[in-house]
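Following: one structure in structure tokens, then a few remarks.
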Amino acid sequence: MKPSWTLTVALLAVLTGCAQLPQQPVVGIIELAARPAEGALLAGIRAYEDGQYAQAEKRLNAALQAGLPSPKDQAAAHKYLAFIYCTSRRTAECEAAFRAARAADPGFALGKSEAGHPLWGPVYQRSQR
């Protein structure tokens, strides 16, 4: 039995869709950490999580100054800076950091538990206006 034209076109479309597209090179965490901006971001987040806020602030600002290429990474740096500013009662800087995070990544938003934090939650809400 001879295949119909429609079936032949459909089969070619499926087979074409299965063709491999060129793959993007995979970049590992070791390579990222070796880059100045990304390494500073990772060090800043680590310092923040260890409660070393002065060191975290320094590293996060260094990451931003080094030129983080990823908008999500820029937003993360600003977010952690906002947390530091709010916990040290620098409310205007905290609000500006939240605005900078959203400017870097328009999809930026705090998670539910972060947005409900008593120190920076209200500042975050104000920054959205």
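Taken together, the values in this text are just the output of simple stated rules run on the coordinates, not laboratory data. Quick caveat, the model's predicted, so the values are computed rather than measured. Methodologically, a virtual Cβ is constructed for each residue, glycine included, from the backbone with ideal geometry; neighbour enumeration extends over all protein chains shown.
Observations on the model:
- Rounded to the nearest whole Hz, the Karplus-based 3J(HN,Hα) values (6.51 cos²θ - 1.76 cosθ + 1.60, θ = phi - 60°) of region 115-129 follow the sequence 5, x, 5, x, 7, 9, x, x, 5, 4, 4, 5, 5, 7, 7, with x at glycine and proline.
- Here the Kirkwood formula puts the hydrodynamic radius of region 30-127 at 13.2 Å, using every distinct Cα pair.
- Burial ranking of peptide ranges 74-82, 47-55 (average Cβ count within 10 Å, highest at the top): 74-82, 47-55
- With both labels modelled 7 Å from their Cα along Cα-to-Cβ, the residue 49 to residue 27 distance reads 2.0 nm.
- Here the label points at residue 128 and residue 34, each 7 Å from Cα along the C-beta direction, are separated by 4.1 nm in the simple model.
- Couplings 3J(HN,Hα) for region 66-74, derived from phi with the Karplus relation 6.51 cos²θ - 1.76 cosθ + 1.60 (θ = phi - 60°), are 6, x, 4, x, 8, x, 5, 5, 4 Hz, where x marks Gly and Pro.
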